Structures are given as C-alpha cells and as structure tokens.
Number of protein chains: 2
Amino acid sequence: MKITVTTLELRDKITIASKALAKKSVKPILAGFLFEVKDGNFYICTTDLETGVKATVNAAEISGEARFVVPGDIIQKLVKVLPDEITELSLEGDVLVISSGSTVFRITTMPADEFPEITPAESGITFEVDISLLEEMVEKVIFAAAKDEFMRNLNGVFWELHKNLLRLVASDGFRLALAEEQIENEEETSFLLSLKSMKEVQNVLDNTTEPTITVRYDGRRVSLTTNDVETVMRVVDAEFPDYKRVIPETFKTKVVVSRKDLMESLKRVMVIASKGSESVKFEIEENVMRLVSKSPDYGEVIDEVEVQKEGEDLVIAFNPKFIEDVLKHIETEEIEMNFVDSTSPCQINPLDISGYLYIVMPIRLA
Amino acid sequence: MKITVTTLELRDKITIASKALAKKSVKPILAGFLFEVKDGNFYICTTDLETGVKATVNAAEISGEARFVVPGDIIQKLVKVLPDEITELSLEGDVLVISSGSTVFRITTMPADEFPEITPAESGITFEVDISLLEEMVEKVIFAAAKDEFMRNLNGVFWELHKNLLRLVASDGFRLALAEEQIENEEETSFLLSLKSMKEVQNVLDNTTEPTITVRYDGRRVSLTTNDVETVMRVVDAEFPDYKRVIPETFKTKVVVSRKDLMESLKRVMVIASKGSESVKFEIEENVMRLVSKSPDYGEVIDEVEVQKEGEDLVIAFNPKFIEDVLKHIETEEIEMNFVDSTSPCQINPLDISGYLYIVMPIRLA
C-alpha cells in the first residue's frame with residue numbers, strides 16, 4: 001500500500017471522522033480510525049456502534065490494498081503537526097509509516113477484523129433540508145435534551161415530518177424546546193436521534209459547503225450524505241413522550257418583557273439562587289415582574305423588571321437556569337411568557353415569530 | 001454605617017483584594033472579605049495568613065464605623081451584576097444591605113473578631129523597580145518553580161539584591177530559570193517568596209498604572225505599595241538551594257538553533273513522547289539535531305532540525321516539556337543550547353542577550 005495525499009486533506013478527513021470515535025470503554029478497537037484502501041479508493045471510517053462515518057480521502061496516489069486500525073489519539077495529534085504540504089503513507093508489516101518533510105512517524109496499527117462495516121441506509125423516506133435552516137433548528141432545541149444517557153427516550157432530539165412541516169423537539173422532563181419549519185415533503189414519519197448523533201448532525205452541517213443536505217431514514221438508520229462523507233446514525237429504539245400534552249392551549253396571564261432586561265435580572269438573582277435553593281420567585285403584577293430569591297445561609301435578593309402584562313396577577317417559581325437557557329436561544333428583543341397558574345407549565349416564545357416555543361415547568365412555591 | 005460608592009470602584013477593589021482570598025480550608029473566615037469602615041475611611045482587606053491586601057475604597061460618602069466579613073464567593077459575583085453606576089451600602093444588624101438601581105441584596109455578614117490585622121512592613125531595605133521590567137523578569141522565571149506546596153524551598157521565586165543587580169531565580173529541581181537586571185540599589189539581601197505570593201506580585205503589577213513600584217523587606221515580610229493598595233507578603237522561612245552550583249562554567253558542545261524550528265520539532269516528537277516515556281533523545285551532529293522518541297505501544301518518531309554546532313557531537317535525552325517551557329519564555333529568533341556531556345545540566349539562553357538563562361537536567365539515556 002502506498003498513498004500520497006495533501007496533509008490538509010488528510011487532516012480534514014481525520015477531523016470529520018473523529019466526531020464518531022468511540023470512547024475507549026465501548027470497545028478498544030473503536031477508539032481508533034479504520035483506514036481502508038480498496039479499488040483505488042482510500043476511506044477513513046469511525047464508529048461508536050451508534051453513529052458511523054465513512055469519509056473518502058482524495059489522494060494524488062493510491063496503490064495496493066489494506067485494511068487496518070490506527071490509534072485515535074495519536075493520529076489526531078499527528079496530522080496537526082506534519083511539517084510538509086504533502087504526506088506519504090505506506091505499510092511495513094503492521095507499522096504505518098507516515099513521512100512528511102524530514103519527519104517520519106512509525107505507528108503500530110491494529111488488525112481491523114473486529115471493526116464493523118459502515119453501511120448507509122439505502123432505501124426509505126428521503127427529504128432535503130436547507131442546511132442553514134436545519135442548523136438553526138437544531139441549535140434552538142438541542143440544549144433542552146436530557147444529558148443523562150440512561151434516560152434513553154429523552155437523551156436526544158425527536159424529528160417529526162407532518163403535513164409539509166419538519167418539527168424538532170427536545171425535553172429533559174423539566175423543560176421542552178420545539179422548532180418547526182416548512183419543508184417540501186408530504187410523507188409522515190418520526191424518529192428519535194440520540195444527543196451524540198445530534199452532535200454528529202451538527203458536525204456534518206458545520207463541515208458542509210453545500211446549501212442543502214439529504215436525509216434518508218429507513219426505519220432503523222438515518223443517513224446524511226454530503227460531498228465525500230457518509231454519516232450513518234442508528235435511531236434510538238425508545239418512545240419519545242407525547243410532548244403535545246404539556247403544551248398549554250389557553251393562558252390566564254401573558255407577559256411581554258425585554259429579553260435583555262430579564263436576562264440581566266436573572267443574573268442578579270442567580271447570585272443568591274445558585275447558593276442552595278436554585279429557585280426564584282416571580283411576582284407578576286401590573287407593569288412589573290419582581291424576582292426574589294433567598295438563601296438561608298447567605299441572604300436574599302429582590303429585583304424588578306418592567307413588563308407589559310395581560311390577564312391575572314401571578315406568583316410562580318422557577319429554576320432560573322431553565323429560564324436563562326431559554327433566553328439564550330431566543331433572538332428577538334422582546335419575549336412572551338404565557339402562564340396558566342403557579343403549578344402549570346409556562347410557555348415562552350419570541351414575540352411575533354411562530355414555529356419556535358419553549359415550555360418550562362414551575363417549582364413548588366416555598 | 002452608610003457608604004455611597006461608584007459600582008466600578010467597588011468592583012475594582014473587590015477584584016484586586018480577591019487575589020489574596022484564602023481557600024475555605026485554611027480558616028473559614030478568611031474565605032471572606034473584611035469590610036472596615038473607620039475614621040472616614042473604607043478599607044477592603046483579604047488574607048490567607050501568608051499574603052494580605054488592604055485596599056482603600058474611594059467612596060463619595062462614608063459615615064459611621066463598622067468591621068465585618070462578607071462571604072467571598074457571593075460578593076465577587078454580586079459586584080459584577082449590580083445594575084446602576086452608584087451603589088449604596090448600609091448595615092441592618094448583621095445584614096449588609098447593598099442597593100443599586102432597583103436591585104436590593106441583603107447579605108448575612110460574619111463577625112470580624114478572628115480576622116487578623118493587615119500590617120505592612122514599616123522599616124527595612126527599600127528599593128524601587130520599573131514595573132514593566134519586573135513584570136518581564138517574573139514572567140520569565142515563575143514557570144520553573146515547583147508547583148508542589150510541600151516543597152517549601154522550591155515552591156516560589158528567590159529574590160537576590162547584589163552589586164546593583166536584582167536577580168530572580170526559580171527551580172523545581174529538574175530545571176531552573178534565572179533573570180537579572182540592573183537596579184539602583186547598593187544593598188545586599190535576598191528572600192524567598194512563595195508561588196502564591198508571586199502570583200499576588202503579578203496581580204499588583206498588572207493592576208498598577210504607575211511606572212515604578214516600591215518594594216520593602218523587613219526580614220520577615222515584603223510590602224508592595226501602589227496607589228490605594230498595600231500588599232503584604234510573608235517571606236518563606238526555608239532556604240533556597242545554592243543554585244550557582246548547577247550552572248555549568250564551561251561547555252563542550254554549543255548549538256545555535258531557530259526557536260521556531262525547535263518548537264515545531266518538539267511538538268511533533270511529543271505526539272509519541274507524551275504516550276509513556278516523556279523522553280526525547282537529541283542526537284547532535286554537524287549541522288543537524290535529530291530528535292527521536294519511542295513508545296513501546298504506539299511506535300516511534302524521528303525528526304530533524306537544522307543547527308549550527310560548535311564542539312563535540314553529543315547524544316542526550318530530555319523531558320521535551322521542559323525544553324518547550326523554556327522556548328516559550330524566550331523571545332529571540334535564535335537560541336543557544338550549551339552542553340557539557342549527556343549527564344550534565346544543559347544551559348539554554350537567548351542568543352546575544354545576557355541576564356536570562358535556563359538550566360534543564362537531562363534524563364538518563366534509555
């Protein structure tokens with residue numbers, strides 16, 4: 001086997017593939033990159049058994065055949081420090097010789113027998129999405145997903161195709177984020193992608209220069225195809241909860257408030273709230289929303305924000321981080337907070353923009 | 001007690017004093033800021049028993065007297081989020097009321113009985129140093145000090161006044177850094193400041209707008225005085241080793257090499273060296289220095305750097321991080337490496353600049 005490739009192309013493909021590298025704990029061999037040289041093609045593959053990446057490396061010269069695994073940590077560092085524009089790869093027994101300028105690395109490889117094949121979804125529902133639109137939708141909801149990998153049905157983002165709409169939903173049980181946009185597709189389907197797969201989706205979207213991406217779902221796997229990279233993700237085999245149930249249909253109190261003012265007020269009350277209670281009381285009256293937090297050890301804080309209110313006065317408490325997280329993902333100057341009562345979920349959305357909404361569960365008043 | 005102060009001045013003085021805050025483990029009360037209002041002055045003080053800071057706060061209105069301690073974590077966060085330009089402080093029993101705009105914090109204070117007085121050195125040897133010069137000297141040597149607080153005689157920087165020279169020396173036993181500059185002072189003295197005190201010195205130098213700083217040493221304490229801030233540091237009661245002993249007097253091999261080339265070569269060999277051995281062999285021949293590192297599990301790397309060599313060929317091994325650390329603290333394009341043999345300390349210094357030198361101990365060749 002002999003390969004001559006630009007150092008930049010080798011580095012780019014290693015970087016793209018690195019996102020699906022498994023932690024060593026999964027299976028040691030999967031903490032490495034599969035190098036596959038076959039029929040004049042050079043592929044770099046990674047998989048953590050849930051997500052797989054198969055990147056085609058564009059090389060000036062490819063000869064021979066080979067299939068071996070390179071330790072992940074070493075090769076990622078190594079491609080960043082190669083001194084010359086051109087790098088040559090060759091095999092001496094099980095040693096990969098990497099030469100660039102006057103530098104020679106000899107890296108011990110591992111046999112590829114136990115490395116699974118990466119096979120993209122080949123049939124199923126296919127739809128195209130504008131990349132910048134999809135990037136924004138993902139960014140607006142992903143933070144609300146449960147971080148705990150053991151909560152399999154919440155540790156991800158739910159995708160729903162319904163009546164020419166693509167809807168993404170994420171929730172950790174305490175808050176929920178929903179983003180929806182029109183797309184040209186009349187099929188009805190839904191699937192759940194894990195948070196790790198979603199980060200891979202973000203990685204693919206970040207690294208693509210094309211305007212749209214093709215998504216294919218075959219009932220078991222989702223494939224994303226761009227340029228020289230195929231990314232295959234297994235959907236999560238768990239049921240996403242019936243999220244529509246927690247979105248209130250009518251409200252008794254509506255508040256319009258400057259996003260920046262509320263953000264700054266939250267920062268002030270969080271000085272105290274972060275010391276124990278993690279709870280802030282919102283006292284909503286005519287023209288004013290008072291934020292109050294107390295800590296038995298440190299003291300208390302009272303802060304006021306000017307608001308426009310419709311409907312009833314209300315006292316309700318939240319974990320301030322959940323409100324702050326929502327505000328970070330809204331871009332309008334003003335936001336709308338819609339309440340039913342002090343024990344029902346609160347809906348927050350940008351003012352005068354539809355398709356994006358957030359639900360935050362209140363905390364019991366102390 | 002009532003104080004009216006600009007929020008900016010309050011925040012600045014809290015920030016300056018925060019650097020001498022003790023970790024909670026030392027003594028709980030010292031994890032707080034002492035607020036002292038007395039004779040129309042408002043002082044904010046901190047100490048970890050080794051370093052003390054006494055900052056005078058310039059306030060528009062100061063009335064009454066008080067002495068109490070405010071929890072450190074809370075007050076540091078709080079001063080960053082106060083909404084108005086002006087902040088008012090008052091006491092209600094043991095509660096400090098902090099009002100700014102429409103925000104009110106009520107913070108439970110602690111009694112100040114156990115908080116020690118901060119008393120600056122009042123007599124002893126006094127010298128003035130140019131602040132930018134001292135900043136540079138400290139920056140050039142501090143990295144070489146031992147990080148381990150239990151190595152009391154090496155966990156700091158040694159100051160030496162000798163024949164109109166100020167010399168700073170730091171060493172962790174494996175490497176040594178020395179910086180020396182002329183100052184106008186004919187006295188002879190020396191003292192050792194701990195790494196923590198040295199960081200406080202850096203902090204003081206960073207926060208001063210004046211051109212020079214006055215250093216006073218009374219045999220037990222070092223005081224730095226600038227504007228409204230007095231910083232007092234206890235010197236370390238331990239003997240700094242006789243560092244002159246490890247600085248070679250004659251050399252058998254001298255290498256001049258581009259700092260950038262050697263830095264990049266080190267980055268390459270460290271890909272392998274960081275995987276176990278932490279050792280790089282330097283093979284010095286006519287015009288070339290070859291860097292070689294091997295890892296039993298991962299493989300090996302061979303790299304070459306062009307050099308100008310005088311004297312004998314040499315093979316010697318180092319921990320590459322120690323060489324990298326030195327290169328990061330030299331600014332000249334070329335550096336000089338001076339060797340005796342493969343078991344003696346190596347001296348590295350900038351080319352054609354005197355007063356700054358580094359010593360690195362070699363590793364036994366494998």
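Worth pointing out:
- Residue within the range B:190-213 that is in contact with a Phe, Trp or Tyr (Cβ under 9 Å, 6 or more places away or on another chain) and at pLDDT below 95 present: no
- Some residue of the range A:252-272 being modelled with pLDDT of 95 or more and part of a loop (DSSP other than H, G, I, E, B): yes
- Residue in the range A:28-45 that is of a type outside the set (S, T, N, Q), on the phi > 0 side of the Ramachandran plot and either under 23 Å from the mean Cα position of the chain (by Cα) or away from every other protein chain (no Cβ under 14 Å) (or both) present: yes
- Residue B:273 satisfies every condition listed in (1) buried (at least 19 other Cβ atoms within 10 Å of the Cβ); (2) within 30 Å of residue B:49 (Cβ to Cβ); (3) of a type outside the set (Ser, Thr, Tyr) except (2).
- Counted as qualifying within the range A:124-214 are the strands (runs of 3 or more DSSP E) with 2 or more residues that are under 21 Å from residue A:360 (Cβ atoms), namely A:156-162, A:165-171, A:175-182.
- Taken together, A:252, A:267 contain a single residue that is within 26 Å of residue B:104 (Cβ to Cβ) and either assigned by TED's automatic domain parsing to the domain that holds residue A:350 or of a type in the set (A, V, I, L, M, F, W, C) (or both), which is A:267.
- Selection status of residue B:65, acidic (Asp, Glu) and under 24 Å from residue B:104 (Cβ atoms): yes
- Subset tally (residues that are in a helix (DSSP H, G or I) and in contact with an Asp or Glu (Cβ under 9 Å, 6 or more places away or on another chain)) for the range A:1-15: 3
- Every residue from the range A:63-89 that is within 14 Å of chain B (Cβ to nearest Cβ) and not aliphatic (A, V, I, L, M): A:68, A:71, A:72, A:73, A:76, A:77, A:80, A:83, A:84, A:87
- Meets criteria (over 28 Å from residue B:245 (Cβ atoms), assigned to a helix (DSSP H, G or I) and of a type in the set (S, T, N, Q)) for residue B:293: no
- Among the residues of the range A:278-293, those identified as within 11 Å of chain B (Cβ to nearest Cβ) and within 20 Å of residue A:361 (Cα to Cα) are A:290, A:291, A:292, A:293.
- Test for residue B:105: is it within 11 Å of chain A (Cβ to nearest Cβ) and either crowded, with 21+ Cβ neighbours inside 10 Å or within 22 Å of residue B:8 (Cα to Cα) (or both): yes
- Residue A:97 fulfils the conditions (1) surrounded by fewer than 17 Cβ atoms within 10 Å (Cβ to Cβ); (2) more than 14 Å from chain B (Cβ to nearest Cβ); (3) part of a strand (DSSP E or B) except for a single criterion, (2).
- Candidates B:302, B:284: the one that is more than 22 Å from residue B:174 (Cα to Cα), β-branched (Val, Ile, Thr) and either assigned to a strand (DSSP E or B) or free of Cβ contacts under 8 Å to residues at least 12 places away in the same chain (or both) is B:302.
- Cβ-Cβ contacts under 9 Å between residues 6 or more apart (or on different chains), taken from a first residue in the range B:89-103 that is more than 17 Å from residue A:269 (Cβ to Cβ) and not assigned by TED's automatic domain parsing to the domain that holds residue B:63 to a second residue that is aromatic (Phe, Trp, Tyr) and at pLDDT 95 or above, are absent.
- Filtered residue count, the range B:30-49, keeping only those that are surrounded by fewer than 20 Cβ atoms within 10 Å (Cβ to Cβ) and in a helix (DSSP H, G or I): 1
- Flag: residue B:322 does not match the condition of being of a type outside the set (Gly, Ala, Ser), buried (at least 18 other Cβ atoms within 10 Å of the Cβ) and part of a strand (DSSP E or B).
- The condition (being basic (Lys, Arg) and within 16 Å of residue A:96 (Cα to Cα)) is satisfied by just one residue among A:24, A:38, A:19, A:2: A:2.
The values are calculated or read from the model by the stated rules, or taken from the named source; none is laboratory data. Note that the structure is predicted; figures quoted are calculated from it, not measured. Here Cβ is always computed from backbone atoms with ideal geometry, including for glycine, and neighbour counts include all displayed protein chains.
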